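Heads up: the structure comes next, in structure tokens.
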Amino acid sequence: MAKPFLKVFIPILAIFIATIITYIAYILLSYSRISDNLNLEAEGTAGKEKVSTGVQLRITSANLGFGAYSQDFSFFMDGGKYSWAFSKEEVVKNITGSVDSILSINADFMVFQEIDFCGTRSHHVNEYELISTRLKEKTGKDFNTVFALNYDSAFLFWPLTQPHGANKSGILTATEYKCFDSIRRSFPIETGLSKFLDLDRCYVKTHISTDKGKELVLYNTHMSAYTTNAETSTRQIELLSKDMSEEYGKGNYVVCGGDLNREVIEGMSTYFGFEPNGLNWTKTFPKDKLAAGLKLVPPVNLNHPVPTVRDTEKVWDGTNFVTVIDGFIVSDNVEVVSADVIDNDFRFSDHNPIYMDFILK
């Protein structure tokens, strides 16, 4: 009885092992980082030439969660259930819902993170095109956009019941002002085998002229969340800070918005009734790593704080762990008037959008 069984079992085992080896080879051979210092072309026909100094301006930032995170969505990498958005229609609904809420507050500059343009998880909806079209439809205005690929991941065959697949995702900056000298900078990421989980990360800086001859340098950033080495985040902040400091040293105005993946105030979660949970993305942003002349701007009203992110281990029911990890960084020649959160109650993403009103001195 044993020999017939072995004749069947051994070939099956050999095929299984060969498949695993082939897949590992595919992951290793397909891995490559996106080029650093990559020049980006702005698209669009918006014609505003120069930003005025001395007047109040507004910037928004929103991580759109690749259009998957409605309130009844939980994510497998955080211990939840799903790896794909529920449907193509759900992706469109969530992306447009987020964009509409942002347009309702009339921002001059908008930065978005986690924008898929070709992804298994987002049913191959081109979210970059979707956002660009929505901006035009809702406002009747032309916008200039700068898009950068944040990461291009190989096909992830996990979870087996719904593989996360291959996904291309990026960050997007949109404004009515003319943009120039846009550059994608690669963040330091994990090394060794951890780099296959950390994915690629980047920030984008875009120059816009002002009426005082100097430039507004607008930064859009999405820092790492799933790191095994705390120094990875520190090195990312140091790189961003150095770049911003150099622009500030030229006399330019520097404004950064994005998903910092660090609490913007120490113990921020306690304001919502939670103890710090020790996850990398809930550790405190190290303000001391910012260069002289730069400051972190938490979008927080402590009298009535609104969270910017929820734990996605389970669907949103109001008891999820929440905190604030999205924020802004500005140079000293930028006067901050106020900063707060658009309270969408996590209807369209696992992040609520944020905004900041400011004046170029």
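Of all residues in the stretch 82-91, which are within 18 Å of the chain's Cα centre (by Cα) and either outside any loop (DSSP other than H, G, I, E, B) or among the basic types (Lys, Arg) (or both)?
Val91
If you check Phe155, Phe147, which single one turns out to be part of a strand (DSSP E or B), of a type outside the set (Lys, Arg) and open to solvent by 60 Å² or more (accessible area, probe 1.4 Å)?
On the way: Phe147 fails: open to solvent by 60 Å² or more (accessible area, probe 1.4 Å).
Answer to the selection: Phe155.
Out of Glu266, Glu246, which single residue is over 22 Å from Thr175 (Cα atoms), of a type in the set (Asp, Glu), open to solvent by 10 Å² or more (accessible area, probe 1.4 Å) and in a loop (DSSP other than H, G, I, E, B)? Walk me through it before giving the result.
Working: Glu246 fails: in a loop (DSSP other than H, G, I, E, B).
From the options Glu266, Glu246, the qualifying one is Glu266.
Please work out if Phe328 is out of contact with any strand residue (DSSP E or B) (no Cβ under 7 Å at 6 or more places or on another chain), hydrophobic (A, V, I, L, M, F, W, C) and buried (at least 23 other Cβ atoms within 10 Å of the Cβ).
Numbers: out of contact with any strand residue (DSSP E or B) (no Cβ under 7 Å at 6 or more places or on another chain): no; hydrophobic (A, V, I, L, M, F, W, C): yes; buried (at least 23 other Cβ atoms within 10 Å of the Cβ): yes.
Criteria not met by Phe328.
With surrounded by fewer than 24 Cβ atoms within 10 Å (Cβ to Cβ), among the acidic types (Asp, Glu) and in contact (Cβ under 8 Å) with a residue 24 or more places away in the chain as the only criterion, which of Asp142, Asp116 stands out? Please lay out each step first, then the result.
On the way: Asp116 fails: surrounded by fewer than 24 Cβ atoms within 10 Å (Cβ to Cβ).
Criteria check complete, one pass: Asp142.
Residue by residue through the stretch 152-180, note down the ones that are closer than 30 Å to Leu57 by Cα, of a type outside the set (A, V, I, L, M, F, W, C) and in contact (Cβ under 8 Å) with a residue 60 or more places away in the chain. Quick ask: steps written out before the conclusion?
If we filter the stretch 152-180 for residues that are closer than 30 Å to Leu57 by Cα, which is where we start, we get 169-180.
Still in the list and also of a type outside the set (A, V, I, L, M, F, W, C): 169-170, 173, 175-178.
Result: Ser169, Thr173, Thr175, Glu176, Tyr177, Lys178.
How many residues are assigned to a loop (DSSP other than H, G, I, E, B) and at pLDDT 95 or above if we restrict to the stretch 214-240? Show your work before the answer.
Of all residues in the stretch 214-240, those assigned to a loop (DSSP other than H, G, I, E, B) come to 214, 223-229.
Still in the list and also at pLDDT 95 or above: 214.
Final tally of qualifying residues: 1.
Could you please find all residues in the stretch 269-322 being hydrophobic (A, V, I, L, M, F, W, C) and not in a loop (DSSP other than H, G, I, E, B)?
Let us first name the residues in the stretch 269-322 that are hydrophobic (A, V, I, L, M, F, W, C), namely 272, 274, 279, 281, 285, 290-292, 294, 296-297, 300, 302, 306, 309, 315-316, 321-322.
Correct list: Phe272, Trp281, Leu294, Leu296, Val297, Val309, Val322.
Tell me whether the stretch 24-37 contains one or more residues that are over 19 Å from the mean Cα position of the chain (by Cα) and modelled with pLDDT of 95 or more.
no
Could you grab me the full set of residues in the stretch 52-81 that are within 19 Å of Thr312 (Cβ to Cβ), hydrophobic (A, V, I, L, M, F, W, C), touching a residue at least 60 places away in the same chain (Cβ under 8 Å) and part of a loop (DSSP other than H, G, I, E, B)?
Listed by number, the residues that qualify are Leu64, Phe73.
Filtering the stretch 203-212 down to residues that are modelled with pLDDT of 95 or more and open to solvent by 10 Å² or more (accessible area, probe 1.4 Å), which residue is farthest from Lys50 (Cα to Cα)?
From the stretch 203-212, those modelled with pLDDT of 95 or more are 203-211; that's our starting set.
Filter once more, so that each one left must be open to solvent by 10 Å² or more (accessible area, probe 1.4 Å): 205, 207, 209, 211.
Numbers: Lys205: 17, His207: 11, Ser209: 5, Asp211: 6 Å.
So the residue we want is Lys205.
Any residue at all in the stretch 261-282 that is within 23 Å of Phe147 (Cα to Cα) and acidic (Asp, Glu)?
Narrowing the stretch 261-282 to residues within 23 Å of Phe147 (Cα to Cα): 261.
With the extra rule that they be acidic (Asp, Glu), the set shrinks to none.
Looking through the stretch 261-282, none of the residues is within 23 Å of Phe147 (Cα to Cα) and acidic (Asp, Glu).
Rundown of residues vs (1) touching a Phe, Trp or Tyr at 6+ places or on another chain (Cβ under 6 Å); (2) open to solvent by 60 Å² or more (accessible area, probe 1.4 Å); (3) hydroxyl-bearing (Ser, Thr, Tyr), yes/no style:
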| residue | (1), (2), (3) |
| --- | --- |
| Phe272 | no, no, no |
| Pro286 | no, no, no |
| Thr319 | no, yes, yes |
| Thr323 | no, no, yes |
| Asp345 | no, yes, no |
| Asp350 | yes, no, no |
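Hey, can you tell me all the residues within the stretch 331-355 that are over 23 Å from Ser83 (Cα atoms), part of a strand (DSSP E or B) and in contact with a helix residue (DSSP H, G or I) (Cβ under 9 Å, 6 or more places away or on another chain)? Show your work before the answer.
Taking the stretch 331-355 as the starting set, the residues that turn out to be over 23 Å from Ser83 (Cα atoms) are 331-343, 354-355.
Applying the additional criterion that residues be part of a strand (DSSP E or B) yields 331, 334-341, 354-355.
Ser331, Tyr355 - these are the residues of the stretch 331-355 that are over 23 Å from Ser83 (Cα atoms), part of a strand (DSSP E or B) and in contact with a helix residue (DSSP H, G or I) (Cβ under 9 Å, 6 or more places away or on another chain).
Filter the stretch 123-134 down to the residues that are touching a helix residue (DSSP H, G or I) at 6+ places or on another chain (Cβ under 9 Å) and farther than 10 Å from Leu172 by Cβ, then identify the one that is least open to solvent (accessible area, probe 1.4 Å). Lay out the reasoning, then the answer.
Applying the first criterion (touching a helix residue (DSSP H, G or I) at 6+ places or on another chain (Cβ under 9 Å)) to the stretch 123-134 yields 123-125, 127, 130-131, 134.
With farther than 10 Å from Leu172 by Cβ added as a condition, the list becomes 123-125, 130, 134.
Numbers: His123: 57, His124: 113, Val125: 12, Leu130: 39, Arg134: 60 Å².
Per the criteria, the residue is Val125.
Are there any pairs, at least 6 apart or on different chains, whose C-beta atoms fall under 6 Å, with the first in the stretch 226-240 and farther than 13 Å from Arg185 by Cα and open to solvent by 70 Å² or more (accessible area, probe 1.4 Å) and the second among the polar types (S, T, N, Q) and not in a loop (DSSP other than H, G, I, E, B), and if so, which?
So the pair list comes out as Thr228/Ser194.
The values are calculated or read from the model by the stated rules, or taken from the named source; none is laboratory data. This structure is a prediction, so every number in the text was calculated from the model and none was measured. Please note: Cβ atoms are built from the backbone with ideal geometry, for glycine as well, and neighbour counts cover all protein chains shown. These area figures cover heavy atoms from the full protein model, side chains too; ligands, DNA and RNA do not enter into them. Shrake-Rupley method; radii C 1.70, N 1.55, O 1.52, S 1.80 Å.
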